[in-house]
Amino acid sequence: MLEINNLEVTVLKNPQLYNAIFHRKSIRKYNMTPLPADTLGKLQEYASSVKPLDESIRYEFVYLGSADVKNLLPIKAPHYICLYSQIKGNYLMNAGFLLQQIDLYLSANNLASCWLGMAKPSKEVPKQINGLEFVIMLAFGNTTEPIYRANTSEFMRKSLSEISSVAGADSMLESVRLAPSSSNTQPWIF
Ligand SMILES: Cc1cc2nc3c(=O)[nH]c(=O)nc-3n(C[C@H](O)[C@H](O)[C@H](O)COP(=O)(O)O)c2cc1C
């Protein structure tokens, strides 16, 4: 059983991030022009303030450009944010918790993003940084595609009744129902 009190202090209390849950989508075509330095600076500042699910797991964000990433799928972006983490306990859940805050921040700031489970830092980028291992990355940048869904009917997701038998928590579980997952597998049951 995990305590998710940090969720309260991060996303639920920030109306822009909370709203992004209901409109965000993955974008796989990017304008390759790098983002302005101040946009990247603000993202880095936000990234340094995100809350982990488990404060005992050390992690770092590493920012890479398109030349530094190898992806089997033809998705190229001007920027990538990589999560490096200590490998212990629920580090994968912690990774999802941390990078999804970044995904919502990007969406709330009119930037396109996509989780990339298939991509890896190139050979030139160290596999380990300060004893932390690369876990996963998000691609991000500008796009000419629409980055928002008009409403939740545009999300391809299981219904709440398929994933939950919990009574009285519909509005909280609705945000979980809409969360992104690898290949849209939605592997959660409540
Ligand atoms: C852990 C994780 C890994 C993912 N890996 C990839 C990937 O390698 N390539 C890709 O195109 N999309 C990837 N995605 C994006 C999912 O395919 C996408 O979130 C899902 O299809 C739902 O679509 P949406 O994000 O537009 O709502 C990944 C998502 C997650 C959460």
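Tabulated data
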{"quantity": "Shape metrics for the chain, restricted to C-alpha atoms - Rg then Dmax, Å", "calculated": "16.4, 51"}
{"quantity": "Too-long pairs where the Cα-Cα distance tops 29 Å, listed order kept, from K13/K76; K13/K127; K29/K120; K70/K158; K25/K51", "calculated": "K13/K76; K13/K127; K70/K158"}
{"quantity": "For N31, residues with placed amide H under 5 Å, excluding near neighbours", "calculated": "N142, T143, T144"}
{"quantity": "Taking the stretch 100-190 and dividing mean pair separation by its residue count, relative contact order in percent (alpha carbons under 8 Å, at least six apart)", "calculated": "24 percent"}
{"quantity": "Dipole axis of the stretch 23-177 (+1 Lys, Arg; -1 Asp, Glu on Cβ), positive-most option in A47, P126, P74", "calculated": "P74"}
{"quantity": "Simple Cβ-charge dipole of the chain, Lys/Arg +1 and Asp/Glu -1, about Cα centre, in debye nearest 20", "calculated": "520 debye"}
{"quantity": "Dipole of the chain, positive direction: furthest Cα of G117, P15, F97, with charges on the beta-carbon", "calculated": "G117"}
{"quantity": "For the chain, calculated [θ]222 nm from helices alone, where every DSSP H run of n ≥ 4 adds -39500 (n - 2.57)", "calculated": "-7000 deg cm²/dmol"}
{"quantity": "Built amide H within the under 5 Å cut-off of R24, gap 5+", "calculated": "R149"}
{"quantity": "Theoretical FRET efficiency, 1/(1+(r/R0)^6), r = Cβ-Cβ of W188 and K76, R0 30 Å, to 0.05", "calculated": "0.50"}
{"quantity": "Relative contact order of the chain, pairs being alpha-carbon contacts under 8 Å that are 6 or more residues apart, as %", "calculated": "27 percent"}
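Bear in mind that the values in this text are calculations on the coordinates, not laboratory data. Everything numeric here is computed off the predicted structure, so don't read it as measured data. Glycine gets a Cβ as well: all are built from the backbone with ideal geometry, and neighbour counts include every protein chain shown.
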